[in-house]
1. Quick one: what pairs do we get from segment 19-30, first residue farther than 17 Å from Gly53 by Cα and in the same structural domain as Lys57 (by TED's automatic domain parsing), second assigned to a loop (DSSP other than H, G, I, E, B) and basic (Lys, Arg), C-beta under 6 Å, 6+ apart or different chains?
2. Filter segment 102-150 down to the residues that are closer than 13 Å to Ser92 by Cβ and within 15 Å of the chain's Cα centre (by Cα), then identify the one that is surrounded by the fewest Cβ atoms within 10 Å (Cβ to Cβ).
3. Please go through segment 4-18 and give me each residue that is free of Cβ contacts under 8 Å to residues at least 12 places away in the same chain and either assigned to a loop (DSSP other than H, G, I, E, B) or not assigned by TED's automatic domain parsing to the domain that holds Ser49 (or both), ordered by number.
4. Are any residues in segment 22-81 acidic (Asp, Glu) and touching a helix residue (DSSP H, G or I) at 6+ places or on another chain (Cβ under 6 Å), and if so, which ones?
5. Can you tell me how many residues in segment 28-49 are closer than 12 Å to Ala74 by Cβ and either among the hydrophobic types (A, V, I, L, M, F, W, C) or over 13 Å from the mean Cα position of the chain (by Cα) (or both)?
6. Would you be able to say whether some residue in segment 14-25 is surrounded by fewer than 18 Cβ atoms within 10 Å (Cβ to Cβ) and under 17 Å from the mean Cα position of the chain (by Cα)?
Amino acid sequence: MKIKKTVYLQNNKGEWKSFKFETTKDIRKILEDDGYSAKIGDYAKIGDSAKIGYSAKIGDYAKIGYYAKIGDSAKIGDYAEFKKSPLYIIGSRYAVNYYGNKKICIGCFVLTFAEWKGKKGKEIAKKEGYTKAEIDEYKMHIDLIVKRYK
C-alpha cells in the first residue's frame, strides 16, 4: 500500500480544502469531479502538502516539491521542476514569476534569464513604454529571481 500524500486545492471563493492522494491521476479526478478549474498535465509529480491555487495550470512532466504553493492562475510550464515554492511578484505594471527552466514571465512575455537581462528585455521595455523607475523596479525583480533559481 502506498502512503497517501495531501494536496490543498483552492476553490473560486478562495477557500482551501485538503485532499488525500497517491498519484497525480487522483488529483486530476478530484479536479474534474469537484469542479475546480486548476489543470495538471500528464506525468506531473506533486509533492506532499503542496497548495494549488484556483485556475493554476501545471504542465506535463512538471515536478512540484513538498509544501510548494502555486498561486491563483499561475502557469507552470512542461518539464518545469520546483524544489521550493515558486516566486510570484506583483509588480507596479505586471506580475513577475519564475516560469521554470531558467525562464521568467513578466506580463505575457516569457524569456530566459539571459534574454531578460540582454537586448530582448530592453526592447520589450522600450516597446511597452516603461519609465526609468519601472525599468529599475523590474530589473530588481529579475535579479532576485535569477539569484534564487540560478
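1. Short answer, once both residue conditions are applied: Glu22/Lys2; Glu22/Lys4.
2. Gly107
3. Of everything in segment 4-18, those that are free of Cβ contacts under 8 Å to residues at least 12 places away in the same chain and either assigned to a loop (DSSP other than H, G, I, E, B) or not assigned by TED's automatic domain parsing to the domain that holds Ser49 (or both) turn out to be Lys13, Glu15.
4. Looking only at segment 22-81, we keep the residues that are acidic (Asp, Glu), and these are 22, 26, 32-34, 42, 48, 60, 72, 78, 81.
Within segment 22-81, no residue meets the criteria.
5. First, the residues of segment 28-49 that are closer than 12 Å to Ala74 by Cβ: 38-39.
If we keep only those that are either among the hydrophobic types (A, V, I, L, M, F, W, C) or over 13 Å from the mean Cα position of the chain (by Cα) (or both) too, we end up with 38.
Residues that pass the stated criteria total 1.
6. no
The values are calculated or read from the model by the stated rules, or taken from the named source; none is laboratory data. Only a predicted model underlies this, so the values are computations on that prediction, with no experimental measurement involved. Here the Cβ is made from the backbone with ideal geometry for all residues, glycine too, and neighbour counts use every protein chain on show.
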